[in-house]
Amino acid sequence: MERLDKILSSQGICTRKEAKKLCASGGVIVNGCTVKKSDTKIDPEKSEIVINGVRLEYKRYIYIMMNKPSGVLSASNDKHAETVIDLVPDEYKREGLFPAGRLDKDTTGLMIITDDGDTAHRMLSPKNHVYKLYRAELDAPFTDKMKETLESGITLDDGTVYKPARIKSVSSGKTTVEIEICEGKFHQVKKMFAYSGANVTKLKRLAVGGLFLDESLKECDCRLLTDFELGLIFDSNNN
Ligand code: URA
């Protein structure tokens, strides 16, 4: 059982404050009865909820896009450091939320946060070829030799194997490179560039599959993904 205001906000209908007003005005009907109090507890999976005459299609899982800032851990909780889950606004907070994939503390950009383990697994498993696009700033100009190394795949001395990356663009000054990888190994982009001969000084994730970071989201901000956007992650044209 969950509070009605929490259900409405987590489904992206309105904020909890607005839910209070909406209920008080008679705009919310649950199983045929008007519910005037927004703190009423109901089972969202077994109830019919109608808002201003429109039936709510209740979604069991939540998918949040965040523009991750630097300095925040991509973990569910940490005793000492702030995590991406700490940044999720109250209206989207619920049990079981976790970041789908890890970005380093100093990496910024597209982070997907969900409570849907299966979808996260599909997104992250290298065998599904969901490419992740990063913009890397380098401390040395990018060369053809480096491109060849990255696009051939790399085996480090410790035996770690990185599958071939895809170089999507190189800036005119040759120090900003957009690169796609379909794995998520520890520090992978930084280590691949270091192996090829340049250090990454700044890293931002721009896309996962065909889903791009909404550039209107300021760092730290979140919003819900639409069903269409969720589908874009697995859009094979981009993977
Ligand atoms: N590769 C890295 O090196 N760091 C990240 O945060 C993500 C990919």
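A short reminder: the numbers here are calculations on the coordinates, not readings from a lab. Since this is a predicted model, take the numbers as computed values, not measurements. Neighbour counts are summed over all protein chains in view; Cβ atoms, including those assigned to glycine, are modelled from backbone coordinates with ideal geometry.
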Original post:
Using 1/(1 + (r/R0)^6) with R0 = 35 angstrom and r between the beta carbons of LYS21 and THR176, what's the FRET efficiency to the nearest 0.05?
Top reply: 0.15
Subject >> Distance in nm between pseudo-label sites at LYS168 and ARG3 (7 Å out along the Cβ direction from Cα) >> reply: 4.0
Original post:
Which net charge results when you count Lys and Arg as +1 and Asp and Glu as -1 among the other residues whose beta-carbon is under 13 Å from that of ASP78?
Top reply: +1
**OP:** Provide, for q = 0.13, 0.16, 0.17 Å⁻¹, the log10 of I(q)/I(0) from a solvent-free Debye sum over equal Cα point scatterers in the chain.
**Re:** -0.82, -1.10, -1.20
Original post:
Counting only the backbone N, which residues of the stretch 172-189 are under 17 Å from the spot 7 Å out from the Cα of LYS105 toward its beta-carbon?
Top reply: 186-188
Subject >> Residue-averaged 222 nm ellipticity for the chain, from DSSP H runs of 4+ at -39500 (n - 2.57), nearest 500 >> reply: -5500 deg cm²/dmol
Original post:
What full-extension length gain, to one decimal in nm, is calculated for ALA194 and ASP90 as 0.36 nm per residue of separation minus the Cα-Cα distance?
Top reply: 33.5 nm
Subject >> Percent RCO, i.e. relative contact order, over the chain, from Cα pairs under 8 Å lying at least 6 residues apart >> reply: 19
Subject >> Charge-dipole axis of the chain as Lys and Arg at +1 and Asp and Glu at -1 on Cβ define it, positive-most pick from VAL189, LEU4, ILE112 >> reply: LEU4
Original post:
For PHE234, which sequence-distant residues (separation of 5 or more, or a different chain) have an amide H within less than 5 Å of its own amide H, given hydrogens modelled in the peptide plane?
Top reply: GLY210
**OP:** Please work out the ratio of the alpha-carbon Rg of the stretch 2-55 to 2.2 N^0.38 Å and round it to two decimals.
**Re:** 0.94
**OP:** Please name which of ILE51, LEU97, TYR61 has its Cα lying farthest along the dipole of the chain towards the positive end, using unit charges on Cβ (Lys, Arg +1; Asp, Glu -1) and the Cα centre as origin.
**Re:** ILE51
Original post:
aspartates and glutamates near LYS36 by alpha-carbon distance under 17 Å, same-chain residues fewer than 8 away left out - which ones?
Top reply: GLU2, ASP5, GLU18, GLU48
**OP:** Output ³J(HN,Hα) for the stretch 24-30: one whole-Hz value per residue in order, computed from phi by the Karplus curve 6.51 cos²θ - 1.76 cosθ + 1.60 with θ = phi - 60°, and x for Gly and Pro.
**Re:** 4, 7, x, x, 10, 10, 10
**OP:** Within the set of other residues whose C-beta is less than 13 Å from the C-beta of LYS145, count the net charge using Lys and Arg as +1 and Asp and Glu as -1.
**Re:** -1
Original post:
Pulled fully out, how much extra length does the chain show between GLU82 and ASP115, if you take 0.36 nm times their separation in residues and subtract their Cα-Cα distance?
Top reply: 10.0 nm
Original post:
Given the C-alpha centroids of the stretch 21-54 and the stretch 176-216, what is the distance between them in whole angstrom?
Top reply: 45
